[in-house]
1. Among the residues of the range 378-392, what is the count of those that are surrounded by fewer than 21 Cβ atoms within 10 Å (Cβ to Cβ) and among the β-branched types (Val, Ile, Thr)?
2. Based on this model, can you work out whether Thr323 counts as surrounded by fewer than 20 Cβ atoms within 10 Å (Cβ to Cβ), within 29 Å of Ala150 (Cα to Cα) and either in the same structural domain as Asp445 (by TED's automatic domain parsing) or of a type in the set (S, T, N, Q) (or both)?
3. Quick one: count up the residues across the range 240-269 that are within 16 Å of the ligand (Cβ to nearest atom) and not in a helix (DSSP H, G or I).
4. Is there a residue being over 30 Å from Ala101 (Cα atoms) and not in a strand (DSSP E or B) anywhere in the range 279-288?
5. I'd like the full set of residues that are within 16 Å of the ligand (Cβ to nearest atom) and under 19 Å from Ile256 (Cβ atoms), limited to the range 287-320.
6. Are there any pairs, at least 6 apart or on different chains, whose C-beta atoms fall under 6 Å, with the first in the range 42-61 and under 17 Å from Ala403 (Cα atoms) and assigned by TED's automatic domain parsing to the domain that holds Met425 and the second part of a loop (DSSP other than H, G, I, E, B) and among the hydrophobic types (A, V, I, L, M, F, W, C), and if so, which?
7. Given the criterion at positive phi and either surrounded by 14 or more Cβ atoms within 10 Å (Cβ to Cβ) or not acidic (Asp, Glu) (or both), identify the matching residue among Gly353, Gly316.
8. Would you tally the residues in the range 115-144 being within 16 Å of the ligand (Cβ to nearest atom) and closer than 20 Å to Thr85 by Cβ?
Amino acid sequence: PEKIGGVPAGRIEAIRQREAEVFAARRPKTMAALASGAEAFLGGVPMLWMRDWPQPFPMLVSEARGALITDIDGNTLDDFCLGDTGSMFGHSPAPVAEAIAAQAARGLTYMLPTPDALEVGRLLREMFGPFVWQIATTASDANRFALRAARAVTGKPKILFFAACYHGAVDDAMVREVDGKTVARPGLVGQVVDLGVTSRVAEFNDLAGVEAALAHGDVAAVITEPVMTNSCMVLPDPGFHEGLRALTRKHGALLIIDETHTVSSGLGGYTRTHGLEPDMFVLGKPVAGGLPAAVWGMSEAVAARYRAYDAARPAGFSGIGTTLSANPLQFAAMRATLSEVMTAANYAHMEAGAARLASGLADAIQRHGAPWHVVRVGARVEFICQETPLRNGSESYTAHKPALEQALHSALVNRGCLIAPFHNMMLVSPATTDAQIDRLVAAFDAITAEMMA
Ligand code: PMP
């Protein structure tokens, strides 16, 4: 019989169906509420991608605290998804919740800075390096603004992206190469611009490919995650980042590092823990403890070029915004996060827990002979339903096994463990306990045993 990731396809489907029934049976209130209130939304959900959870319908959450999440039927789960990184430091960390409450009574948005803003600037430099910062509200926005600034200062049109990368809702990044041409990925809604004009594509870990792309002389910047965390998980080869830095310098392209997920690596993110030297640095999601906020920074050299560019340009709209960005609530939350939540002690707890999780999962995989493997980047753990490590994003297209992963995720949810929906990502927060980790490992072990029996 056909196998997917080593598991008979028929068994996967049987498990999926069984788990969908269990999920529904435990959620009568949720079903009733959705039946009478979801029609106001396209597809019955406030963001269409919320349909992509593997369960038959989304949970309606009543509250989340620390590393626990509870739905309106009273089902409480150990949360290893943590808002896909937005709540990587736990749900509503006390210092952040208090800072938000205090600021909430003093105004929510002014289009003017606060004293907290100055302190956040100082903390960002202390944490991530001597960048010159701007604030945005989402990592998608921060990335788009960084790309715009890179094109502005270099005068070059194209950005080099790695195949299968993800940097948020950034149109230019939604590209792939077909027959030597850069084209939009299938599924990109409403796309009318030829992305071959804006973008080039290379494979991660392929320095020769990067050099060939840069040799055209039209690349303003290379943008990358230090580890590809959105295409399963692809680690950089030894020397890849050094090579990338050398090549971008040689060809006059800026290097933009998107740390939105890899900030799981430790204090100061992968950049600091591995000594990277980007020209621009982007971080969203957890930077304000889960309140929408993002930051993008330029090296002093790039900032000097931007100032010169800005002084010479005609007055007008910059294309960089947005109205509610850099609001006082964001600064209060970022200040609390940077000073009291992103601490060495918290990272040490997260790292130890993630190591426990990764080795527990790897043991289970080995015990049951599943052709899968586990990768960890600090507090972030991913299991991949393929035997060998991935070397680039394109390999992730075949490594990803949607049917198998959906059955597995559903079985984990019914055993009390929530992991990220679109791939097999798990995060360990400062609030996550060893008991929670051991429950996840035991649940994973049980379902893997059944699948591989
Ligand atoms: N950069 C990376 C590396 C991401 O993984 C994501 C989202 N998954 C983004 C940027 C975009 O973040 P947001 O959706 O919050 O804008």
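1. Within the range 378-392, the first condition is being surrounded by fewer than 21 Cβ atoms within 10 Å (Cβ to Cβ), and the residues that meet it are 386-389, 391-392.
Retained after the next criterion (residues that are among the β-branched types (Val, Ile, Thr)): 388.
Number of matching residues: 1.
2. Details: surrounded by fewer than 20 Cβ atoms within 10 Å (Cβ to Cβ): yes; within 29 Å of Ala150 (Cα to Cα): yes; either in the same structural domain as Asp445 (by TED's automatic domain parsing) or of a type in the set (S, T, N, Q) (or both): yes.
Spelling it out, Thr323 is indeed surrounded by fewer than 20 Cβ atoms within 10 Å (Cβ to Cβ), within 29 Å of Ala150 (Cα to Cα) and either in the same structural domain as Asp445 (by TED's automatic domain parsing) or of a type in the set (S, T, N, Q) (or both).
3. 7
4. yes
5. Those that are within 16 Å of the ligand (Cβ to nearest atom) and under 19 Å from Ile256 (Cβ atoms): Val287, Ala293, Ala294, Val295, Trp296, Gly297, Ile320.
6. Taking only residues 6 or more apart or on different chains, the pairs are Arg51/Val45.
7. Gly316
8. Taking the range 115-144 and keeping what is within 16 Å of the ligand (Cβ to nearest atom), we get 128, 134-144.
Restricting the remaining residues to those that are closer than 20 Å to Thr85 by Cβ gives 128, 135-144.
Residues meeting the conditions: 11.
The values are calculated or read from the model by the stated rules, or taken from the named source; none is laboratory data. Here the structure is a predicted model, which means the values were calculated and not measured. Quick reminder, even Gly has a Cβ in these numbers, built from the backbone with ideal geometry, and neighbours come from all protein chains shown.
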